[in-house]
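As structure tokens, the structure follows; a few thoughts come after it.
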Amino acid sequence: MKYQSQKVALYYFLAAMALFGIQVLGGLLAGWIYVSPNFLAEILPFNVIRMIHTNALIVWLLLGFFGAAYFLIPEESEREIWSTKLAYIQLVILLVGTLGAVGSYLAGIHGGREFLEQPLWVKFGILVAALIFLLNVSMTVLAGKKTAITNVLLMGLWLLSLLWIFAFINPDNLSLDKMYWWFVVHLWVEATWELVMAAILAFLLLKLTGVDREIVEKWLYVIVATALFSGILGTGHHFYWIGLPGYWQWVGSIFSTFEVVPFFLMMSFAFVMVWKGRKNHPNKAALLWSLGSSTVAFFGAGVWGFLHTLHGVNFYSHGTQITAAHGHLAFYGAYVALNLAVFSYAMPMLRERAPYNQVLNMASFWLMTGGMAFMTFVLTFAGTIQTHMQRVIGDYYMNVQESLSVFFLMRFGAGTAVVIGALLFIYSMLVVRKTEVIPPGSANPVPGE
Amino acid sequence: MAEILTKSRARNIFYGGSIFFVVIFVGMTVHSHRYVVQTSTAGMALSEDVVHGKHVWEKHSCINCHSLHGEGAYFAPELGNVMTRWGVQDSPEDAFEFLKGWIESQPSGVEGRRQMPRYDLAEEDIRGLAEFLRWADQTDTQGWPPNDAG
């Protein structure tokens with residue numbers, strides 16, 4: 001840690017990991033209800049559990065992004081954060097909002113647009129927190145050195161905050177509601193978040209591999225260019241069947257096919273940099289998570305996305321377990337694993353010590369990644385059968401679901417592995433054991449590269 | 001690639017290209033907005049009942065179990081075409097009666113079957129919800145879903 005104000009990131013990461021725990025436990029509970037549907041049915045209905053599962057995910061990923069920004073911007077800009085006080089105020093607002101949202105969900109108070117169920121005051125809280133954040137990081141970057149990494153990171157964060165405006169726009173016309181809803185949902189995860197992801201990945205690879213900055217930053221611009229060129233019009237793949245014009249079927253099919261490209265590039269980028277890099281960085285766990293994130297993102301977001309994005313396929317597979325399979329692996333690879341890569345890289349520095357618990361951390365990677373892969377496979381099988389029975393033959397939904405029960409049981413098993421992996425990860429970050437299985441390197445290798 | 005594609009060229013392509021695609025996207029959005037209002041959803045008036053029904057739908061977060069036009073939670077049946085499936089799409093009164101009967105019979109309590117919670121809805125809420133689902137059903141969704149099973 002070269003700058004004192006980077007310490008802010010520590011508290012963002014701790015809050016993020018706490019919510020990560022809540023998120024996966026909520027997921028496990030929801031997975032169990034698929035197996036045993038009467039469980040908690042009267043006390044805590046499925047829709048409330050699912051809101052907690054998805055909302056906790058989104059908030060902890062954002063907390064991780066904010067923390068990552070507060071960690072990497074001082075190093076990139078070569079100066080302290082403009083105001084650490086504002087950074088803490090922002091964190092408090094976000095935590096009060098999150099706890100308020102969870103509390104009101106449990107009390108049955110919520111909206112009904114998927115993922116945007118937060119009560120209005122929480123939405124405003126998120127907006128205020130985002131504005132504080134943008135002010136804070138922008139002032140820091142403007143006063144300091146500007147790099148491609150901070151350019152792209154800031155652009156991603158500004159745009160995603162601006163798109164949050166659409167969380168407040170809810171037309172009475174359902175089809176318009178859906179169209180503008182995707183401005184938040186799709187243009188977050190398939191456009192602006194990719195900018196944030198690519199910038200953070202570039203920072204990590206720069207530090208971990210020691211490859212020349214010029215090369216890393218050129219890759220970065222190429223990656224984010226392909227992300228936005230494909231992702232903006234790729235929004236069309238959500239516009240096929242919600243009452244929008246038919247031309248979206250072709251626009252969406254063609255451009256969302258190209259959405260594979262940025263993910264393929266990010267995976268290639270990570271491996272090429274590691275091969276080219278001559279540095280043997282002591283933080284092996286962070287490197288594993290960085291490579292793992294870009295690889296799983298390519299399969300989860302890229303391959304599994306393409307699997308059902310062409311309109312001729314999507315006509316039959318839309319809204320089945322295929323979508324669930326893709327959603328889980330894409331989020332895990334692109335955004336969960338990337339955040340865990342940042343935590344693995346930054347936490348030792350924030351605690352001013354050498355990398356620790358690396359074997360435990362890497363074990364948690366394989367447990368979580370294995371679990372998510374297995375979950376994706378069984379949900380894909382379930383979705384294929386569902387598509388055939390329900391969409392081709394025309395059997396009724398509930399009957400089809402009953403015949404999928406064996407897959408839901410296997411999914412619960414996979415989810416259990418993920419939860420154990422997640423808890424192991426959190427443990428490996430928080431608790432430093434006395435003996436290390438592999439010897440650590442120095443805490444701050446090669447300063448200022 | 002090194003000489004032709006410099007970092008500053010890559011950056012300029014990124015900024016220029018992104019603005020280009022944003023402009024196209026905004027244009028198509030404007031056209032789509034008009035198409036929705038004037039064509040695809042114009043078959044039935046967006047009445048007070050429909051709007052009230054949408055609020056009832058949102059207040060109870062139905063989307064986190066059901067799906068609507070294929071979007072939602074996949075835990076419970078698709079409702080974008082439920083009125084057609086029940087055969088009551090053309091009759092507001094039948095739609096209301098059928099929906100009221102369904103909601104008031106939940107939860108089924110059947111062991112091993114997914115449970116819908118009991119919602120104590122006023123008559124005007126159920127009427128609104130029925131109208132909202134009829135309104136959603138009449139939307140031109142390019143022929144989706146493939147069959148009545150949803």
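The values are calculated or read from the model by the stated rules, or taken from the named source; none is laboratory data. Being a predicted model, the structure only gives us computed values, none of them experimental. Every residue, glycine among them, receives a Cβ derived from its backbone with ideal geometry; neighbour counts consider all protein chains shown. We work out accessible area using only protein heavy atoms, side chains counted, and drop any ligands, DNA or RNA first. Shrake-Rupley method; radii C 1.70, N 1.55, O 1.52, S 1.80 Å.
Can you give the FRET efficiency for A:Asp172 and A:Thr84, using 1/(1 + (r/R0)^6), R0 = 45 Å, r = Cβ-Cβ distance, to the nearest 0.05?
Details: r = 44 Å, r/R0 = 0.98.
According to the calculation, E is roughly 0.55.
GNM on chain A, C-alpha springs below 10 Å: top fluctuator among A:Glu214, A:Glu42, A:Glu75?
Top of the fluctuation ranking is A:Glu42.
Dipole of chain A (Lys/Arg Cβ +1, Asp/Glu Cβ -1, origin at the Cα centre): which of A:Trp182, A:Val432, A:Ala285 lies farthest to the positive side?
Of the candidates, A:Val432 comes out farthest on the positive side.
Relative contact order for region A:1-146: what is it in percent, counting Cα pairs under 8 Å that are at least 6 residues apart? Intermediate values should be presented prior to the final figure.
Details: 157 pairs, mean separation 46.3, N = 146.
Dividing the mean separation by the residue count of region A:1-146 yields 32 percent.
For A:Glu352 and A:Val92, compute 0.36 nm times the residue count separating them, minus their Cα-Cα distance, and round to one decimal in nm. Intermediate values should be presented prior to the final figure.
Numbers: separation 260, 0.36 × 260 = 93.60 nm, distance 2.44 nm.
Full extension of this stretch gives 91.2 nm more.
Please work out how much accessible surface A:Trp82 shows to a 1.4 Å probe, ignoring ligands, DNA and RNA, in Å² rounded to 10.
It works out to around 130 Å².
With no solvent and one equal point scatterer per Cα, compute the Debye intensity ratio I(q)/I(0) for region A:1-146 at 0.09, 0.14, 0.16, 0.17 Å⁻¹ and report its log10, rounded to two decimals.
Taking Cα atoms of region A:1-146 as identical point scatterers yields -0.34, -0.69, -0.83, -0.90.
Where a ≥ b ≥ c are the square roots of the eigenvalues of the C-alpha gyration tensor, would you call region B:48-138 rounded, which needs a/c under 1.5, or, failing that, prolate if a/b is larger than b/c, or oblate?
Details: a/c = 1.43, a/b = 1.29, b/c = 1.11.
Here region B:48-138 falls in the rounded category.
Calculate one ³J(HN,Hα) per residue across region A:305-313 by plugging θ = phi - 60° into the Karplus curve 6.51 cos²θ - 1.76 cosθ + 1.60, and present them in order as whole Hz with x for glycine and proline.
Per residue, the Karplus-derived 3J(HN,Hα) values read x, 4, 3, 10, 8, 5, 5, x, 7 Hz.
Hey, got the dipole for region B:1-97? About the Cα centre, +1 on K and R Cβ, -1 on D and E Cβ, debye to the nearest 20?
For region B:1-97, the charge dipole is close to 920 debye.
How large, in Å, is region A:197-434 by the Kirkwood hydrodynamic radius built from its alpha-carbon pairs? Walk me through the intermediate numbers first.
Numbers: mean 1/r = 0.0520 Å⁻¹.
Over region A:197-434, the inverse of the mean reciprocal pair distance is 19.2 Å.
Between A:Glu117 and residues 5 or more places away or on another chain, which pairs have amide H atoms under 5 Å apart, with H built 1.01 Å from N, and which residues are they?
none
Roughly how big is the protein assembly as shown's charge dipole about its Cα centre, with Cβ charges of +1 (Lys, Arg) and -1 (Asp, Glu), in debye to the nearest 20? It would help to have the intermediate numbers written out before the result.
Values: 36 positive and 40 negative charges, 559 e Å.
Approximately 2680 debye in magnitude.
Just in region A:272-319: which trypsin sites (Lys or Arg not before Pro) are loop by DSSP and have at most 13 other Cβ atoms within 10 Å?
A:Arg278
Could you work out [θ]222 nm for the protein assembly as shown from helices alone, using -39500 (n - 2.57) per DSSP H run of at least four and dividing by all its residues? Round to the nearest 500 deg cm²/dmol. Please list the in-between numbers first.
Details: 23 runs with 387 residues, N = 599.
Estimated from H runs of four or more residues: -21500 deg cm²/dmol.
Place +1 on the Cβ of every Lys and Arg and -1 on the Cβ of every Asp and Glu in chain A, take the dipole about the Cα centre, and give the residue among A:Phe66, A:Val224, A:Ala30 whose Cα lies farthest towards its positive end.
It is A:Phe66, whose Cα lies furthest towards the positive end.
I'd like the Karplus ³J(HN,Hα) series for region A:336-346: coefficients 6.51, -1.76, 1.60, θ = phi - 60°, whole numbers in Hz, and an x wherever there's a Gly or Pro.
Each residue's phi maps through the Karplus curve to give 5, 5, 5, 4, 5, 5, 5, 4, 4, 6, 8 Hz.
Starting from the amide H of B:Ser67, placed 1.01 Å from N in the peptide plane, find each other amide H under 5 Å away whose residue is 5 or more places distant or on another chain.
B:Ala73, B:Tyr74, B:Ala76, B:Glu78, B:Leu79
So how far apart, in nm, are the two label points at A:Val128 and A:Ser104 if each is 7 Å from Cα heading toward Cβ?
The two pseudo-label positions are separated by 1.3 nm.
Against the empirical 2.2 N^0.38 Å scaling, what ratio does the C-alpha Rg of the protein assembly as shown come to?
The value comes to 0.96.
Sticking with the crude label model, points 7 Å out along Cα→Cβ, report the distance from B:Asp120 to B:Ser105 in nm, one decimal please.
Distance between the two pseudo-spin positions: 2.3 nm.
Among A:Met398, A:Leu127, A:Ser253, which residue has its Cα positioned farthest towards the positive end of the charge dipole of the protein assembly as shown, with +1 placed on the Cβ of Lys and Arg, -1 on the Cβ of Asp and Glu, and the dipole taken about the Cα centre?
A:Leu127
Assuming R0 = 22 Å, what is the FRET efficiency of B:Asp94 and B:Ser47, from their Cβ-Cβ distance, to the nearest 0.05? Could the numbers behind the result be given before it?
Values: r = 17 Å, r/R0 = 0.79.
The pair B:Asp94/B:Ser47 has a calculated efficiency of 0.80.
Over chain A, what relative contact order in percent results from Cα pairs under 8 Å that are six or more residues apart?
Values: 672 pairs, mean separation 69.0, N = 449.
Across chain A, relative contact order equals 15 percent.
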